[in-house]
Number of protein chains: 2
Amino acid sequence: MAVGGATMDERVPRDFETLRATILERRHSLPKRIAQIAAYALDNPDDIAFGTAASIAASAGVQPSTLIRFAQQLGFDGFTSLQQVFRERLRERNSSYDERLAALRAKAEEGGGHRAIFDGFVAAASTSLGDISRSLNEAHFDEAVALLAKAETIYVLARRRSYPVASYIAYALGKLKIRNQLVESAAGLNAEMIGFATPRDAVIAISFSPYAPATIEETRSIAEQGVPIVAITDSSFSPLAQFAEVWFEVAEADFGGFRSISATMALAMALTVAVGEKRREAGRRRKG
Amino acid sequence: MAVGGATMDERVPRDFETLRATILERRHSLPKRIAQIAAYALDNPDDIAFGTAASIAASAGVQPSTLIRFAQQLGFDGFTSLQQVFRERLRERNSSYDERLAALRAKAEEGGGHRAIFDGFVAAASTSLGDISRSLNEAHFDEAVALLAKAETIYVLARRRSYPVASYIAYALGKLKIRNQLVESAAGLNAEMIGFATPRDAVIAISFSPYAPATIEETRSIAEQGVPIVAITDSSFSPLAQFAEVWFEVAEADFGGFRSISATMALAMALTVAVGEKRREAGRRRKG
DNA sequence: GTCAATATGAAATATTAATTCCAATCTGTA
DNA sequence: TACAGATTGGAATTAATATTTCATATTGAC
């Protein structure tokens, strides 16, 4: 019908930035209450995204009907469609890193030069760090630190892609004078090495899909000896999770088929240093 | 009524992480359709935040009533209160990257326990990535890639703190089917290993202050054989710089006496993958 | 100051969405 | 195989929310 068509003739802002620009442009020609809700909308976009017409109107100090008139003045056919724009904004913000990564991937694939590859890895690392920073469970972290701090020897277990992390942990533990054993015998003596572990020791096991069979097997075996295990892995379905006293799920972004390990590294370093701190504290208490 | 009180007694997850943990914990004891919506919720948290019960149920392939039962099983009194948790998550996420980084750093500095240690390492890694992203010399990068791409064997040389980077490079080169040799003989045969290198090979040497003497010594020795060297190090005064055809200066931020290695890792991965790309291209040209 | 046009408030209504209910189906057990 | 209990689907009901309407107030031009 023609009436419906009429509203479509106007340029209805489809994204937040356009909407924002439109509001700012018309700001001075808007009636008082409409201007009031307009200002509120730009100041509290999240409230518009999630609130109800009634709750938003109340917060802004106007009537719900005013809110709808505001939406209509901008060319929307009601509050609901105006709200969509505010919701879309949140969704996009949220996925901006993923999109950036996707863009870089595309650029690298179509031959955007080496710089694109480099940027891609930096972006993957940043994304992973952001994710882990949001998702780390503090209680688990404390638990893991406590468990590792009281271990006589910390065994470190990892293969393939995770091996660099293990070697870094071993290096850092060594610098902190914490007895540790990196399980990586070239002579094939891993089983024997693991055999020495007792329940007074502890294990850090690291493995990501596709899980290196050797890591799984060794973790199982050492778990059966009653040695407590801290696992760093990539999903709750990981075979490591079932053996572990505490486990961390780390989601690393990938680029060009290679996953970042920055988040895992950051977690590993934090664990190591926190264990060192805790030991120092404990040592001081014993002496003092 | 007592029924209402009963639901409040249970620990209702108030934040997304707790909710997530609760779901994962009960995952196996949930009925089929409930488990289905549970998996959907964790995979598509944004949809839960924005959708209606009907739309979400349809996307997940269940009935709206199932969605409500799911919420109730978790202790919420309905879908609406479950949804609040998902919305809150989006609001929190929303704060900008820089703001969060600044917050992390502040918190880490004022020493707020274990979480602060973790935040400190994340902040250090993020800072380092930002720095390298700004300072990387593209021409040097291209040069290094060209040099490495035409090598018969790539020797990788690093000790101590840099060793994890070397082992990761070796792993990645291996996956890309690029012949390489990680110089790390436990049997003390490094000198012999290096002896095989010719000017048709190439070296990636990584070392940061305080430079591991072995790395320096081996790099000198291999340079004298006329093998071209790409170095990753931390300043122009680095002893590695003088031997290298191309060298990168990487400034890593530190926390608690431990430097990040995220930037070095990102550079290493980018170099590796770029070399792989270049070889693929060259291969195609030769065949086509 | 009066009038018309515009804007606003508040309640009524229409719409949409969440929740409940009950019959049907599945699952495990005797 | 029969049964009880749990689970599920789908319609009916209830609650909530957006929108419309209309009376009232405000504004600006003459």
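The values are calculated or read from the model by the stated rules, or taken from the named source; none is laboratory data. Everything quoted here is computed from the prediction, not taken from an experiment. Cβ atoms come from the backbone with ideal geometry, glycine included; neighbour counts cover every protein chain shown. All accessible areas refer to the heavy atoms of the entire protein, side chains included, with ligands and DNA or RNA removed. Shrake-Rupley method; radii C 1.70, N 1.55, O 1.52, S 1.80 Å.
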### Query
Quick one: would you say A:Val122 is farther than 27 Å from A:Asn44 by Cβ, touching a Leu at 6+ places or on another chain (Cβ under 8 Å), at pLDDT 90 or above and outside any helix (DSSP H, G or I)?
no
### Query
Any idea which of (1) under 23 Å from B:Arg115 (Cα atoms); (2) more than 12 Å from every other protein chain (Cβ to nearest Cβ) is the one A:Gly226 doesn't satisfy?
(1)
### Task
Please name all residue pairs, on different chains or six or more residues apart, with Cβ atoms under 8 Å, provided the first residue is in the range B:257-283 and is facing chain A (nearest Cβ under 9 Å) and closer than 18 Å to B:Asp201 by Cβ and the second residue is among the small types (Gly, Ala, Ser) and open to solvent by 10 Å² or more (accessible area, probe 1.4 Å).
B:Lys278/B:Ala146; B:Lys278/B:Ala149
### Task
Just give me the residues in the range B:144-166 being of a type outside the set (A, V, I, L, M, F, W, C) and open to solvent by 10 Å² or more (accessible area, probe 1.4 Å), in sequence order.
B:Lys150, B:Glu152, B:Thr153, B:Tyr155, B:Arg159, B:Arg160, B:Arg161, B:Tyr163
### Message
Would you confirm whether or not the range A:230-248 contains a residue that is within 11 Å of another protein chain (Cβ to nearest Cβ), of a type outside the set (Val, Ile, Thr) and within 16 Å of A:Ala166 (Cα to Cα)?
### Response
yes
### Task
Starting from residues that are among the aromatic types (Phe, Trp, Tyr) and open to solvent by 50 Å² or more (accessible area, probe 1.4 Å), keep the ones in the range B:191-214 and report whichever is farthest from B:Ala253 (Cα to Cα).
B:Phe196
### Task
Would you please name the residue that is nearest to A:Thr22 (Cα to Cα), looking only at residues in the range A:69-89 that are within 10 Å of DNA strand C (Cβ to nearest atom) and either open to solvent by 70 Å² or more (accessible area, probe 1.4 Å) or touching a Gly at 6+ places or on another chain (Cβ under 6 Å) (or both)?
A:Gln73
#### Entry: Test: residue in the range B:177-190 that is under 22 Å from B:Glu252 (Cβ atoms), open to solvent by less than 60 Å² (accessible area, probe 1.4 Å) and among the aliphatic types (A, V, I, L, M)
yes
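Identify all residues within the range A:60-73 that are within 12 Å of DNA strand D (Cβ to nearest atom) and touching a helix residue (DSSP H, G or I) at 6+ places or on another chain (Cβ under 7 Å); write none if there are none. Walk me through it before giving the result.
Just the residues of the range A:60-73 that are within 12 Å of DNA strand D (Cβ to nearest atom), to begin with: A:62-72.
Matches in the range A:60-73: A:Val62, A:Gln63, A:Pro64, A:Thr66, A:Leu67, A:Ile68, A:Arg69, A:Phe70, A:Ala71.
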### Task
Output yes when any residue across the range A:157-176 is farther than 18 Å from A:Ala223 by Cβ and more than 14 Å from every other protein chain (Cβ to nearest Cβ), and no when none is.
no
